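The values are calculated or read from the model by the stated rules, or taken from the named source; none is laboratory data. Not measured: the values here are computed from a predicted model. Cβ placement follows ideal geometry from the backbone for every residue including glycine, while neighbour counts extend to all protein chains displayed.
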Amino acid sequence: MSRSLPRVSLRPEDLAPLKVLVVDDNMNVMRLICDVLRASGVGQVEGAADGVRARDMITRWDPHIIFSDWNMPVMGGIELTRSIRRAAVTGDRRIPNPQAPVIIVTGHRSEADVEVARSAGVNEFVIKPFTPAALLSRIQLVLLKPRPFVVSADYIGPDRRRKLELSYNGPLRRSSDPTEVVDVAERAATRDTIGVELEALRALIAARRRVDAETLKMTYRVMQHTSFRARQVRDSVVARASALLMEYADAMGGHEHCEAEVMEVHFAAIAKLLVIEPGQVDEAEEVLGQLQMVVRQKIARRRAA
């Protein structure tokens with residue numbers, strides 16, 4: 001299991017030609033994934049509400065990559081994957097590419113669930129709740145680290161000799177996990193990863209032109225992870241800035257009171273902090289102080305309303 005936020009190194013020219021199909025019966029989740037992918041630079045993104053409609057889209061559109069929910073009415077993600085892989089043997093003309101990468105988006109994370117997905121021919125997992133980088137890192141894996149396609153008597157799908165990776169972006173929880181990382185290269189890599197996640201989130205909110213419930217949940221989760229990773233590398237100003245955004249979200253009491261402009265102020269401040277050298281304490285504290293002033297003013301107005 002991946003225990004840290006994956007770095008996303010795909011270039012815009014890698015994403016622009018892609019056609020990605022998103023399959024989910026929850027329209028809010030489908031739209032959210034579609035918006036994340038479009039905002040991140042994926043050229044063409046379409047949605048389908050279940051596996052049957054997805055098969056129709058596959059026939060007409062021939063997507064390069066498929067994101068699918070596990071549980072859906074009519075035909076779920078695992079059954080959809082099996083039907084795609086079977087075409088490698090049956091020659092089903094309705095499935096132009098039986099080898100199309102399938103990424104399952106699900107809350108299932110047990111070893112038994114992983115084995116079911118592996119046996120069906122799934123390429124990768126994204127575990128809910130997800131972040132923009134979690135989705136993009138799965139695209140990175142299937143594009144930059146493709147696995148040989150296997151057709152045998154008992155299995156059809158990508159080579160299973162590499163374990164499916166669960167895209168987990170939460171805090172480290174094992175007692176053996178390190179409490180802090182102080183290596184300069186690790187701090188730089190962490191800042192780079194945070195920057196990728198931040199830009200994807202900013203693009204998503206800009207594309208949606210508002211902060212809805214799903215976007216706020218994703219933002220909160222990204223900030224939780226950003227704060228945690230920053231603390232791991234003793235990047236206290238980035239950790240504090242992330243905590244301020246969570247404090248603002250908590251104080252507002254819901255997405256309907258969160259302003260996209262205020263979120264952008266947070267994102268811009270964190271982006272500045274990410275390029276300030278660790279030794280430039282006064283400059284970092286000035287950025288943080290300005291952000292804190294904005295947050296305190298907004299919280300005070302909300303409480304007075």
Q.
Test of understanding: among GLU256, GLU264, which residue is farther than 23 Å from HIS225 by Cβ, under 29 Å from the mean Cα position of the chain (by Cα), part of a helix (DSSP H, G or I) and not aromatic (Phe, Trp, Tyr)?
A. GLU256
Q) Any idea which of (1) in contact with a helix residue (DSSP H, G or I) (Cβ under 8 Å, 6 or more places away or on another chain); (2) surrounded by fewer than 20 Cβ atoms within 10 Å (Cβ to Cβ) is the one PRO146 doesn't satisfy? A) (1)
Q) Within the bounds of region 218-241, is there any residue that is free of Cβ contacts under 8 Å to residues at least 60 places away in the same chain, farther than 25 Å from VAL184 by Cα, of a type in the set (Lys, Arg) and in a helix (DSSP H, G or I)? A) no
**Q.** helices (runs of 4 or more DSSP H) contained in region 1-111 and holding at least 2 residues buried (at least 21 other Cβ atoms within 10 Å of the Cβ) and either in the same structural domain as LYS217 (by TED's automatic domain parsing) or not charged (D, E, K, R) (or both)
**A.** 27-39, 51-61, 77-90
Q: Looking only at region 272-291, decide whether some residue is in contact with a Gly (Cβ under 9 Å, 6 or more places away or on another chain), surrounded by fewer than 18 Cβ atoms within 10 Å (Cβ to Cβ), closer than 30 Å to ASN28 by Cα and at pLDDT 90 or above.
A: no
